[in-house]
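To keep things clear, I will list the structure first and then write my remarks on it.
The values are calculated or read from the model by the stated rules, or taken from the named source; none is laboratory data. Every value quoted in this text rests on a predicted model; they were computed, and no experiment measured them. Quick reminder, even Gly has a Cβ in these numbers, built from the backbone with ideal geometry, and neighbours come from all protein chains shown. Areas reflect the complete protein model, heavy atoms only, side chains present, ligands, DNA and RNA absent. Shrake-Rupley method; radii C 1.70, N 1.55, O 1.52, S 1.80 Å.
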Amino acid sequence: MLPVDDQLKIITSGTMQIVPMDELKAKLAKGEPLNIKLGVDPTSPDLHLGHAVPLRKMRQFQDLGHRVTLIIGNGTALIGDPSGRDSTRPPLTEEQVEANAKTYVEQAAKVLDMDKTTIVHNGDWLKPLDLQSMLRLMSHFNVARILEREDFHNRYANQMPIALHEFIYPVLQAYDSVVIKSDLEMGGNDQIFNLLAGRDLMRAEGMEQQVALTMPLLVGLDGHKKMSKSYGNYVGLTDKPNDMFGKLMSIADEVVPMYFRLCSTLPIDEVDAIEAEFKAGTADPYARKRQLARNICDLYHGEGAGQRAQDAFDAQFKRAEVPEDIPEFPAADIQVNDQGQVYLAKLMADCGLASSVGEARRFIDGGGVKVDGVTIAAKAYNVDPATLVAGTVIQHGKRKFVRIA
RNA sequence: GGGGAUGUGGCACAGCGGCAACUGCGGCGGACUGUAAAUCCGCUCCCUCUGGGUUCCCUGGUUCGAGUCCAGGCAUCCCCA
């Protein structure tokens, strides 16, 4: 294993908080592999780059010789983590949890070294807990402390409901740490309370306490709000390379260095250099953004994927060419009306370019619809069927295409 | 258990009984660009649309007419116990 200081340089890169740092140093100084814990909240089967931030940090731990325990939260899923939420999560069924956990592991495997990863289910020890044990665990916590949490506090202050069972979530998560005897637990910054709850409970049980390490929440494509599926500002780990590349090109300039640090595979020294470049104002944001997008495409889709995505991107947006891989709509399904015309708005709704006929009309009136590169005039909803032969491309905006087949 | 307040389109916030419903945010499209930022313009319930249909927590009622008034319910929050 590397000397403690060298390990720390890698471990601390991009982290938000490490509490307490002294204990981490002491644990590392033993020279033995640490048990790194990450709890998986099996509510969202589709992971995005934000989820990958802690995973990448775990991978760095693995590369340093440490071990990772991935906890599938099939027990805690009965509650749903209230962290950062402004409303109660709906409970999941056992089947949903298992299905979600499976896709989670598949996606996480792109980042983690699965040979150094242990997967366990916390339902195995949480579900057999009897009332007496539950009460004993709960007695180590108090309501005022839990209410101090920002999310609960906000919900309380904003007159939003808080269900009683949501208070138990940190208790159960803390108990996981006791069971697996974790040395360090990772999480997003909104997890800090839950991670510290683990420390409290371990001390109460007379164990060596885990260290809490949090990673910043990744900001989304808009550069302001956190990356989240519900905000629609995310890059999915399973996004096609071309989508991934395009989305990454649209991030705000200011967040490029942070994306390099939290999402790319670039060595720390190079990330430091890029960050300094941006700070000094000498950076070429466009070129750096392209480098970033290539790197991340390579990470999730294999070496060379980034370059191919960049070529496709340049063709579509620099040279305004129609991309190769676009949805098709069979010519046979095109409906002709009484006048022998094709009602274009209806066709657009049918082939998925618009969610309703009325919406398609608005798109046309707004000048955002092209057929074979020619903009359709406002109100020109009817089109001669002869112009819609196989190979014709209908386009809405800059990035939505359908080819008649 | 008692008292009070609130419930409007993705979110926020308006709405003397005549409203498809003000405004802001967000989203989409166009111009300009580096699919960045900033700025400007248009659209943003459904419908082959100078018109029609269905909406303002739910159910009834008053009225020519109700998001707006009345009654009962449901939900959330606050105060007291």
>> Based on this model, can you work out whether A:ASP338 counts as of a type outside the set (Val, Ile, Thr), over 24 Å from A:MET249 (Cβ atoms), modelled with pLDDT under 85 and open to solvent by 80 Å² or more (accessible area, probe 1.4 Å)?
In response: yes
> If you go through the stretch A:306-334 one residue at a time, how many are more than 10 Å from RNA strand B (Cβ to nearest atom), open to solvent by 30 Å² or more (accessible area, probe 1.4 Å), touching a residue at least 24 places away in the same chain (Cβ under 8 Å) and not β-branched (Val, Ile, Thr)?
Replying inline: 6
>> If I filter the stretch A:269-305 down to residues being open to solvent by less than 30 Å² (accessible area, probe 1.4 Å) and among the β-branched types (Val, Ile, Thr), which single residue comes out as farthest from RNA strand B (Cβ to nearest atom)?
In response: A:VAL271
>> With the structure loaded, tell me whether A:GLY366 is exposed (fewer than 14 other Cβ atoms within 10 Å of the Cβ), out of contact with any Leu (no Cβ under 8 Å at 6 or more places or on another chain), of a type in the set (Gly, Ala, Ser) and touching a residue at least 40 places away in the same chain (Cβ under 8 Å) or whether it fails that test.
In response: no
> In the list A:LEU195, A:LEU299, A:LEU248, A:LEU217, which residue meets the criterion of being within 30 Å of A:ALA174 (Cβ to Cβ) and assigned to a helix (DSSP H, G or I)?
Replying inline: A:LEU195
> So A:GLN209 clears everything in (1) assigned to a helix (DSSP H, G or I); (2) open to solvent by 20 Å² or more (accessible area, probe 1.4 Å); (3) not aliphatic (A, V, I, L, M) except one condition, right? Which one?
Replying inline: (1)
> Which pairs do you get when a residue that is more than 11 Å from A:HIS51 (Cβ to Cβ) and open to solvent by less than 20 Å² (accessible area, probe 1.4 Å), found in the stretch A:102-113, comes within reach of a residue that is charged (D, E, K, R) and modelled with pLDDT of 90 or more, reach meaning Cβ atoms under 7 angstrom, with the pair 6+ apart or on two chains?
Replying inline: A:LEU112/A:ARG59
> Do we have A:PHE167 as buried (at least 18 other Cβ atoms within 10 Å of the Cβ), in a helix (DSSP H, G or I) and within 16 Å of RNA strand B (Cβ to nearest atom) here?
Replying inline: yes
>> Can you tell me which condition A:TYR156 does not meet? The list is (1) outside any loop (DSSP other than H, G, I, E, B); (2) open to solvent by 80 Å² or more (accessible area, probe 1.4 Å); (3) away from RNA strand B (no atom under 15 Å from the Cβ), and all the others hold.
In response: (3)
>> All but one of (1) among the charged types (D, E, K, R); (2) part of a helix (DSSP H, G or I); (3) within 16 Å of RNA strand B (Cβ to nearest atom); (4) surrounded by fewer than 19 Cβ atoms within 10 Å (Cβ to Cβ) hold for A:ASP200; state the number of the condition that does not hold.
In response: (3)
> Which number in (1) at pLDDT 90 or above; (2) more than 30 Å from A:ARG136 (Cβ to Cβ); (3) surrounded by fewer than 20 Cβ atoms within 10 Å (Cβ to Cβ) marks the one condition that A:LYS229 misses?
Replying inline: (1)
>> If the requirement is being among the aliphatic types (A, V, I, L, M) and away from RNA strand B (no atom under 11 Å from the Cβ), which of these qualifies: A:MET249, A:MET258?
In response: A:MET258
> Within the stretch A:380-391, can you find the residues that are more than 9 Å from RNA strand B (Cβ to nearest atom) and either in a strand (DSSP E or B) or surrounded by fewer than 17 Cβ atoms within 10 Å (Cβ to Cβ) (or both)?
Replying inline: A:ALA380, A:VAL383, A:ASP384, A:PRO385, A:ALA386, A:THR387, A:VAL389, A:ALA390, A:GLY391
